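Taking it in order: structure first as structure tokens, then the write-up.
Rule-based calculations on the coordinates, nothing more; no lab input. What you are looking at is a predicted structure, and each value in this text was computed from that prediction instead of being measured. Cβ sites come from the backbone with ideal geometry, for glycine too, and all protein chains shown count toward neighbours.
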Amino acid sequence: MQKFENVNLVYVLRQIMNTNTDYYKNDFEYDIKTMSKAAVSNNPDKKRLLFMSRPKGTYCFRESEVFTKDTFAHNAWKFYGQQTDDKILAYAIEVKDLKTDCVIGNLYELDYTKHFNHVINVSVNPDDVSASEELKFTLSCEHKRLEKLKCGDISKYIDRLTARAVKEKLVKMTQDEKKGVIDAMELAFDYGMGKGTLFDVELYNAIIKERSEEKPSIKKQLAENKDKSEPTKSKTPKKEDISL
């Protein structure tokens, strides 16, 4: 697990989301609002968030709510680990600043399976008298643990994540789906409709490469056809080989 400091959270999480979320990507627009509100808040508690990317959508919750039992955030965070086999990409977020069109902060990679089980074990009961102090201590321990993570290169991390996701996607796609990707991307290129996301572009490139490797080159096909079309020369026996 790694941490990535002072990154553009909106850009980075969108790239990450695109490698894993196929449906309901508009959920991320709500996450942007959550991060933006956190950036302008004077409450440190609101600046700590937890984000997850699922195959069918995303969530961005306040960390304190995830670690409080019986909240929607707590129940949703553990649900996908307990009740589904969905691939979940999870991250802790420390929001720092709001700039033009971007939210700046630190991103901490999480092992979702370990994390949701940890949440179950250490979350506080809101009805307990000491819940507030207990929650503060729990979150303080969480932050100290995250700070100890090794700093990573976010660009290399996204590249690796994208490459792995493209490889996994390619194996599952039908030929019709691949053709659909090619048609959509080339239409976008032709009409200047944007270059698509990093994942879209890499998937398109991978499909094109796959097709070029499957089909022999035109030069090779012409050479093979020429060999097939040339008549086989009969071998004339030498004079001395003819028996009398």
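For I182 and N42, calculate 0.36 nm times their separation in residues minus their Cα-Cα distance, and state this gained length in nm to one decimal.
45.7 nm is the gain from fully extending I182 to N42.
Residues in the range 58-97 near a label at E29, defined as backbone nitrogen under 20 Å from the 7 Å Cα→Cβ point?
From the range 58-97, the list is 58-61.
Can you figure out the FRET efficiency of D159 with F79, using R₀ = 45 Å and their beta-carbon distance, to the nearest 0.05?
0.90
First select every other residue whose beta carbon is under 10 angstrom from the beta carbon of D22; then total the charges, Lys and Arg +1, Asp and Glu -1.
After counting each charged neighbour, the total is +4.
Please give every one of the aspartates and glutamates within straight-line cross-link reach of K87, meaning a C-alpha to C-alpha distance under 18 Å, and leave out same-chain neighbours fewer than 8 residues apart.
Partners found: D22, D27, E109, D111, E168.
Counting other Cβ atoms within 10 Å of each Cβ, which trypsin sites (Lys or Arg not before Pro) in the range 1-45 have at most 16 and sit in a DSSP loop?
Sparse-neighbourhood loop trypsin sites (Lys or Arg not before Pro): K25.
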